[in-house]
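Student: Next up is a structure, given as structure tokens.
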Amino acid sequence: MEHNETLHAPQLNQSAVDDGGEIDLVEIFYLFWGHAIQIILCAILGGLLAFGYTRFLVTPLYQAEAKLYMVSASAGSMISISDLQLGSQLTSDYQQLMVSRPLLEDVIDSLDLNMGYGTLKGMISVSNPTDTRILSVTVTSSDPKLSCDIANELVDQAVVYLPRVMECDEPNVVERAVIPGGASSPNYARNVFLGVAAGIVICCAVILIQFLVNDTFVTADDLARRFGIQPLASIPEADLGAFNKRLKHKK
């Protein structure tokens with residue numbers, strides 16, 4: 001059966017790029033549509049690689065949180081407006097002092113931790129929710145019990161250390177840390193999503209680059225668009241049967 005050689009090329013052609021160098025987005029869309037299976041396979045592969053990396057190479061981390069209330073009543077009386085204002089003004093100072101070297105070294109000595117000040121400081125995050133006088137102390141480590149112990153010991157030491165340094169009333173412990181029931185990271189869903197997205201982007205980029213560097217003319221429209229002439233005819237590719245076999249035999 002005869003068929004035109006220009007009709008069976010597996011790729012699109014230069015018709016997607018006009019003389020001004022602009023890309024025809026519609027044809028690019030059909031380019032990706034024609035490679036949908038490859039793109040889907042790359043997306044699945046990217047998701048599987050991301051899941052495997054997260055599952056076997058990333059260490060789970062656990063977070064434990066304790067809270068301090070940075071206001072206490074003056075001279076044992078009821079809390080006044082001045083007490084509230086003072087607590088708000090000193091919150092930033094408390095945040096810095098919570099990760100100060102003397103306080104963290106006391107925690108290390110009390111728990112007999114096998115780590116230095118810098119390592120422990122990197123495990124601690126101190127935050128102040130907006131419009132509050134509460135400090136949230138979060139400890140992150142690969143051991144859930146260790147995270148809980150450090151968080152509780154830190155707030156216990158802070159209750160003694162902060163008033164001594166700032167010469168103010170001691171803060172109140174609002175909430176003690178508990179052993180976390182599950183890991184806070186890694187996030188499997190997010191990592192798999194990123195892996196799928198990366199697989200799609202990489203596959204589409206490779207397909208697009210291969211398409212843009214391919215300067216082969218596939219259809220008559222390519223010649224008309226590039227040179228401004230319309231081809232009058234095309235030479236078909238045909239199977240000549242026995243004649244073709246005899247010609248090959250002579251060669």
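The values are calculated or read from the model by the stated rules, or taken from the named source; none is laboratory data. From a predicted model like this one, the values you see are computed outputs, not experimental measurements. Cβ: placed from backbone, ideal geometry, glycine included. Neighbour counts: every protein chain shown. The accessibility values were calculated without ligands, DNA or RNA, using every heavy atom of the protein model including side chains. Shrake-Rupley method; radii C 1.70, N 1.55, O 1.52, S 1.80 Å.
Student: Let me spell it out: the conditions are (1) open to solvent by 50 Å² or more (accessible area, probe 1.4 Å); (2) outside any helix (DSSP H, G or I), and THR119 meets all of them except one. Which number is the exception?
Tutor: With respect to (1) open to solvent by 50 Å² or more (accessible area, probe 1.4 Å); (2) outside any helix (DSSP H, G or I), THR119 is out only on (2).
Student: Hey, among LEU212, LEU208, LEU194, LEU135, which residue is in contact (Cβ under 8 Å) with a residue 12 or more places away in the chain and open to solvent by less than 40 Å² (accessible area, probe 1.4 Å)?
Tutor: Exactly one of LEU212, LEU208, LEU194, LEU135 is in contact (Cβ under 8 Å) with a residue 12 or more places away in the chain and open to solvent by less than 40 Å² (accessible area, probe 1.4 Å), namely LEU135.
Student: For the range 154-162, indicate whether the set of residues that are of a type in the set (Gly, Ala, Ser), within 20 Å of LEU61 (Cα to Cα) and in a helix (DSSP H, G or I) is non-empty.
Tutor: Checking the range 154-162: not a single residue is of a type in the set (Gly, Ala, Ser), within 20 Å of LEU61 (Cα to Cα) and in a helix (DSSP H, G or I).
Yes or no, residue by residue, for (1) in contact with a Pro (Cβ under 8 Å, 6 or more places away or on another chain); (2) of a type outside the set (S, T, N, Q); (3) at pLDDT 85 or above; (4) part of a helix (DSSP H, G or I):
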residue	(1), (2), (3), (4)
SER15	no, no, no, yes
PHE32	no, yes, yes, yes
GLY46	no, yes, yes, yes
GLY52	no, yes, yes, yes
TYR62	yes, yes, yes, no
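Student: Identify the single condition in (1) in a helix (DSSP H, G or I); (2) in contact with a Pro (Cβ under 6 Å, 6 or more places away or on another chain) that CYS203 does not satisfy, given that it satisfies every other one.
Tutor: (2)
Student: May I pose another question? Among the numbered criteria (1) aromatic (Phe, Trp, Tyr); (2) closer than 30 Å to ILE39 by Cβ; (3) at pLDDT below 90, which one does PHE227 miss?
Tutor: The single condition PHE227 does not satisfy is (2).
Student: So GLY116 clears everything in (1) within 30 Å of LEU57 (Cβ to Cβ); (2) at pLDDT 95 or above except one condition, right? Which one?
Tutor: Result: GLY116 fails condition (2) only.
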